[in-house]
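Taking it in order: structure first as structure tokens, then the write-up.
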Amino acid sequence: MTAHRRAGRRRLPFRLDGFGGWADQEPMWRAASPALITAATERALSRPAGNWFVLGATRAVTAGRPFGRTVAGQEVVAWRGSGGELLAGPGACPHLGAPLCDGRVRSGRLICHWHGMPIDGRPIAGWAPYPTYDDGVLAWVRLDVVGGETPLDRPVLPPRPSPARAIEAVTETTGVCEPQDVLANRLDPWHGGWLHPYSFAALSVVEAPASDGSGPDRFVVDVSYRLPGRAMVVPTRAVFTAPDRRTVVMRVQDGEGAGSVVETHAVPVGVDDRGRPLTSVVEAVIAVSDRPGFAVGRLLAPALRPLVRRTAARLWRDDLAYAQRRWQLRQRGRLPG
Ligand code: FES
Ligand SMILES: [Fe+2]
């Protein structure tokens, strides 16, 4: 190919969408081996996370007010100290148990709204802080009481593009399932074109882990993302890996947005009032592009963020339904594979 033609293709990464109807796709069920998906999920579940759990988006923990979440059955409160640092600890006030997420933050101190106990992040009256980590996209907390692992100094973080040239958005949804069901959904790349025809076309899995676990533990997938209106698609090659027991990462290796990352973090919440497990899916999209318009896009990031979130939320409605179904089948002992 001449340099001129290469440059031409570079300016026009989108192709006309001529992939036909949903039922015309290549069936994937023979390739999507239940045993292979289960084995990949079990290998992921064996990897350490060092007791670190995602609390939420970095930008969701603001200076003005406390942020509350239940993680692995533990009520957690987080807030920003006077220097903007991430602080966190048990969410019940040590005095009479008030929900600290309903307190106020003044000059970096969390003040209980029942009787005014000020908490500055240091131990007080039996309350002690949890280790935290803010990676700039996600806020993390380390819960050694429930993690059951050897603690690590910081979360297992996959490589990400530089935030200076990226647009990031974080989506959160919760479903009735366990983290392993979310991982299993994400480690089944074959479902993309069938379950999400509004987003993906021409999907082919070009590499999957060997059934005995030898070789690279990753999935390599060629897929075209449909643009809104469905007239055009963006061809990409993506690589899926599971760096720890609660995370699956998709990295765009080739094509438009190469270097972009989608991290899916499956965070156990606790149980609902029927005793069923709840899992929160926190998905961080960190998108980059060397297209000329993207710098402008980055300046518009606050406007684009809800759009990215909406797209991810639609995917996750269907993926959560998959994960929840998998949990139900496991309960009945009827999960194939
Ligand atoms: S319950 Fe928090 S100060 Fe009394
Ligand atoms: Fe999916």
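The values are calculated or read from the model by the stated rules, or taken from the named source; none is laboratory data. Please read all numbers here as calculations on a predicted model, not as lab measurements. Backbone-built Cβ (ideal geometry, glycine too); neighbour counts: all protein chains shown. For the accessible areas, the whole protein counts, side chains as well, though only heavy atoms, and no ligand, DNA or RNA atoms are used. Shrake-Rupley method; radii C 1.70, N 1.55, O 1.52, S 1.80 Å.
R334 exposes around 150 Å² of accessible area when a 1.4 Å probe is run over every protein chain in place. Going by the alpha-carbon gyration tensor, a ≥ b ≥ c the square roots of its eigenvalues, is segment 55-97 rounded (a/c under 1.5) or, if a/c is not under 1.5, prolate (a/b greater than b/c) versus oblate? It comes out oblate by the Cα gyration axes. Using a probe of 1.4 Å on the protein chains alone, the accessible area found for Y133 is around 60 Å². Carbon and sulfur together cover what percent of the accessible area of the chain at a 1.4 Å probe radius? Using a 1.4 Å probe with all protein chains present, the chain comes out at 55 percent carbon and sulfur. Using Cβ point charges alone (K and R +1, D and E -1), the dipole size of the chain about the Cα centre works out to roughly 920 debye.
Under a Gaussian network description of the chain, with springs only between Cα atoms under 10 Å, the residue in A166, A57, A128 that fluctuates furthest is A128. Computed per residue of the chain from DSSP H runs no shorter than four, each worth -39500 (n - 2.57), the mean residue ellipticity at 222 nm is -6500 deg cm²/dmol. A Gaussian network model of the chain, with springs between Cα atoms under 10 Å, assigns the largest mean-square fluctuation among R245, R154, R276 to R276.
Taking the Cα centre of segment 140-270 as origin and assigning +1 to Lys and Arg Cβ atoms and -1 to Asp and Glu Cβ atoms, the resulting dipole is close to 400 debye.
Between A23 and S107, the simple spin-label model (points 7 angstrom out along Cα→Cβ) gives 7.1 nm.
Using 0.36 nm per residue and subtracting the Cα-Cα separation, the extra length available between I124 and L96 on full extension is 8.7 nm. The simple Förster model, with R0 at 41 Å and r as the Cβ-Cβ distance, assigns D144 and R334 a FRET efficiency of 0.70.
Accessible surface for the chain, divided over its residues, is 49 Å² per residue with a 1.4 Å probe. Here the dipole of segment 52-147 is about 260 debye; that uses its Cα centre as origin and unit charges on the Cβ of Lys and Arg (positive) and Asp and Glu (negative). For the chain, pairs of C-alpha atoms spaced more than 27 angstrom apart make up 50 percent of the total.
Roughly how far apart, in whole Å, are the Cα centres of segment 61-120 and segment 151-217? After rounding, the separation between the Cα centres reads 32 Å.
From the gyration tensor of the Cα coordinates in segment 52-147, what semi-axes in whole Å does the equivalent ellipsoid have, largest first, with each one equal to sqrt(5λ)?
Numbers: eigenvalues 70, 49, 24 Å².
Largest first, segment 52-147 gives 19, 16, 11 Å.
I need the Kirkwood Rh of segment 117-256: take the reciprocal of the average 1/r across all distinct C-alpha pairs and report it in angstrom. In segment 117-256 this quantity evaluates to 18.4 Å.
The order of S107, S289, S204 by accessible area, most exposed first and with a 1.4 Å probe, is S107, S204, S289.
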